[in-house]
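The structure under discussion appears below in the form of structure tokens.
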């Protein structure tokens, strides 16, 4: 095929942005919540894998995809709370502990996930936005998973919550200036632990999306750095939930470039296209970070801005 | 305090105290892992015996252990050296595979040379490649403030993709059918074993020597002292006029060069060509080794051998007890978590250490100072 069908390519990119971007959205919302409290959880990468495994396992055992999502969220929340509690101890580095959590989470998921590599668990339902069209490609591209809409709703909720509710203000205060929060009678360690647990819950749900919808089965190569890219994505999004949504879609689109090109018949350089999201993340970080200067919107207590 | 402790014992206590968090971390890990096995109805003592047997029980186990320890020492340095300057670099895996690839293609692109010269050329290529790759993370951090932990890991993912692309594409040996590889290394250039009765390649010696050199660098040289000032307090370092950016970059390049060298030995002594088997997780385990050794190059030698042993015992656990190979991954994860969590004790340890050192001087002085 000499000529590339651009409409197919664009459609595939749009569909891919949503399909690949949804887990990014959940993990980045989780990381945004955690970082608003002044801590970084690199362990979301490990939590994502645990969420994918436990979500798939529970969905298979109970035959209900939604119970799987709930289980994935709870497993993620538990690991997040673990990170929160241990990092509340003096002298424990949150970044280093996140790395340890990646190792532990991957180990746990691979250990307990061995039994679930073969069987087929139920998938999450999607909403057919393209039912009006006769073109099968359009229909498959516009079949959007329910979790994406939940993610968008959560984004709006977090945007409003962080701005206008007492809880949101307390979280931001703890993240910006823990001493003031303490002076007002709040307990920064507790608030941060709760925020990290909440972030873990969201990352777990993102993992469940991976195993229960797209790519849609549990295997050990399922997650490849999405959790870590989410940390970079939150920096790019300047700690704003709404920006997280756009950034997640952008990253999703970059991850969809390889498959989209394959759809129109270009298959060389597969690995290089698969590495696009990493390169994009690096580029975005390089362009958006500034040395010796705190980024606008960055929580003041974040160890990223030492 | 009314208990009388002889000064010598007090001094000994003060000396041994820094090891306390590590000892407690290992003890907790063993306990938690035993509970984990017990809960899965796996015979705990038998598993423990198997781990020991698979790691250090026979000459064969020792060979297997040391074979894994050699690259671990070098990838651990990739974490430990930048850590002296206050950086957390976790992208050693990428530096290792690209270093291995550079070493594998060097003999193809150079004219025939005596083996020793070729080894120098291969090592230089691998170290330059690894040093460049990790140096990139350090450069981006100093230049633009890009967080080096995330940056180095992203670079590592990119390195793996580039490696796979080259090995399965432009640099692939057409003769390698079901296992895409670069052209095999001529026999004359492959690195041999230390002795015919002990099958461990020279990479182990290289690892130990490089760790010893790193120890001299960080503990007994002016540059090493400058690294720790940068790592301890950047503002102070800038104030006394240290070239902070250059020092950070040097630690990154040296660390990356060590990881690249590990890749060279994996290619020249184990695999015989660059292929996907290079991506074996040595970079990741190296992070754990460095943290367990608290970034002390001499301690890295010991920790690498211990962790190499744990990883070597994985296949025995799999065969005898039917445990998945992820079991050692869990053990490593629990150990890592404990090592960091017990770090919380370090503040107290410092306090106790001063206390016991005071008591170690003269009994009277100790009593007066802490009355």
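Derivation of every value follows stated rules applied to the coordinates shown; laboratory data play no part. Only a predicted model underlies this, so the values are computations on that prediction, with no experimental measurement involved. Glycine gets a Cβ as well: all are built from the backbone with ideal geometry, and neighbour counts include every protein chain shown.
Helix-derived [θ] at 222 nm for chain B: sum -39500 (n - 2.57) over DSSP H runs of at least 4, divide by residue count, nearest 500?
Result for chain B, helices only: -24000 deg cm²/dmol.
Just to be sure I understand the model, the point goes 7 Å from the Cα along the line to the Cβ. What's the resulting residue A:157 to residue B:302 distance in nm?
Label at residue A:157, label at residue B:302, 5.1 nm between them.
Points 7 angstrom from Cα along the Cβ direction at residue A:64 and residue B:173: gap in nanometres?
Label at residue A:64, label at residue B:173, 5.6 nm between them.
Would you look at the GNM of chain A, springs on alpha carbons closer than 10 Å, and say which of A:60, A:278, A:270 moves the most?
Among A:60, A:278, A:270, the largest mean-square fluctuation in the Gaussian network model of chain A belongs to A:270.
With a Förster radius of 45 Å, plug the Cβ-Cβ distance of residue A:93 and residue B:315 into 1/(1 + (r/R0)^6) and report the FRET value to the nearest 0.05.
About 0.85, to the nearest 0.05.
Cα axis of helix A:65-87 to longest principal axis of chain A: angle in degrees, 0 to 90, nearest 10?
30
Name the residues of the stretch A:148-189 whose amide N is less than 12 Å from a point 7 angstrom out from the Cα of residue B:346 along the C-beta direction?
none
Put a dot 7 Å past each Cα toward the Cβ at residue B:246 and residue B:44; how far apart are the dots in nm?
5.6
Other chains near B:345-353: what is the mean number of their Cβ atoms within 10 Å of each residue's Cβ? Can you show the working numbers first?
On the way: counts 3, 3, 2, 2, 0, 0, 0, 0, 0.
For this peptide, the per-residue mean of nearby foreign Cβ atoms is 1.
Pull out the extension gain between residue A:246 and residue A:133, defined as 0.36 nm times the separation in residues minus the alpha carbon to alpha carbon distance; nm, one decimal. The partial results should precede the final answer.
On the way: separation 113, 0.36 × 113 = 40.68 nm, distance 2.65 nm.
Gain on stretching residue A:246 to residue A:133: 38.0 nm.
Would you work out if the stretch B:1-57 is rounded, prolate or oblate? Take a ≥ b ≥ c from the square roots of the eigenvalues of the alpha-carbon gyration tensor; rounded if a/c is under 1.5, else prolate when a/b is larger than b/c, oblate otherwise.
Working: a/c = 3.69, a/b = 2.45, b/c = 1.50.
Because a/c hits 1.5 or more and a/b exceeds b/c, the stretch B:1-57 counts as prolate.
For residue A:187 and residue A:166, what is the calculated FRET efficiency with R₀ set at 22 Å and r taken between the beta-carbons, to the nearest 0.05?
Efficiency for this residue pair is about 0.90.
Would you mind telling me which residue in B:107, B:184, B:170 has the biggest mean-square fluctuation in a Gaussian network model of chain B, where springs connect alpha carbons within a distance under 10 angstrom?
In the Gaussian network model the winner is B:170.
Provide the FRET efficiency to the nearest 0.05 for the residue B:31-residue B:213 pair, computing r from the beta carbons and using R0 = 30 Å.
With a Förster radius of 30 Å, E is 0.20.
Beyond 34 Å, what share of the Cα-Cα pairs of chain B remains, rounded to the nearest whole percent?
35
May I ask you to sort B:239, B:127, B:73 by Cβ crowding, counting other Cβ atoms within 10 Å and putting the fewest first?
Values: B:239 9, B:127 25, B:73 32.
Placing the least packed residue first, the sequence is B:239, B:127, B:73.
Rounded, prolate or oblate: which one fits the stretch B:154-234, using the alpha carbon gyration tensor with axes a ≥ b ≥ c (rounded when a/c is under 1.5, else prolate when a/b beats b/c, else oblate)? Can you show the working numbers first?
Numbers: a/c = 4.22, a/b = 1.51, b/c = 2.80.
Oblate.
Nearest 10 degrees is fine. How inclined is helix B:346-361 to the longest principal axis of chain B, computing both from alpha carbons?
So the helix axis and the longest Cα principal axis differ by about 50 degrees.
So how tilted is helix A:44-62 from the main axis of chain A? Cα-based, degrees 0 to 90, rounded to 10.
The helix A:44-62 is inclined about 60 degrees to chain A.
Build a GNM of chain B with springs between Cα atoms under 10 Å: which of B:346, B:245, B:178 gets the top mean-square fluctuation?
Of the options given, B:178 has the highest mean-square fluctuation.
Pull out a ≥ b ≥ c, the square roots of the eigenvalues of the alpha-carbon gyration tensor of chain A, then state rounded if a/c is under 1.5, prolate if not and a/b is larger than b/c, and oblate in the remaining case.
prolate
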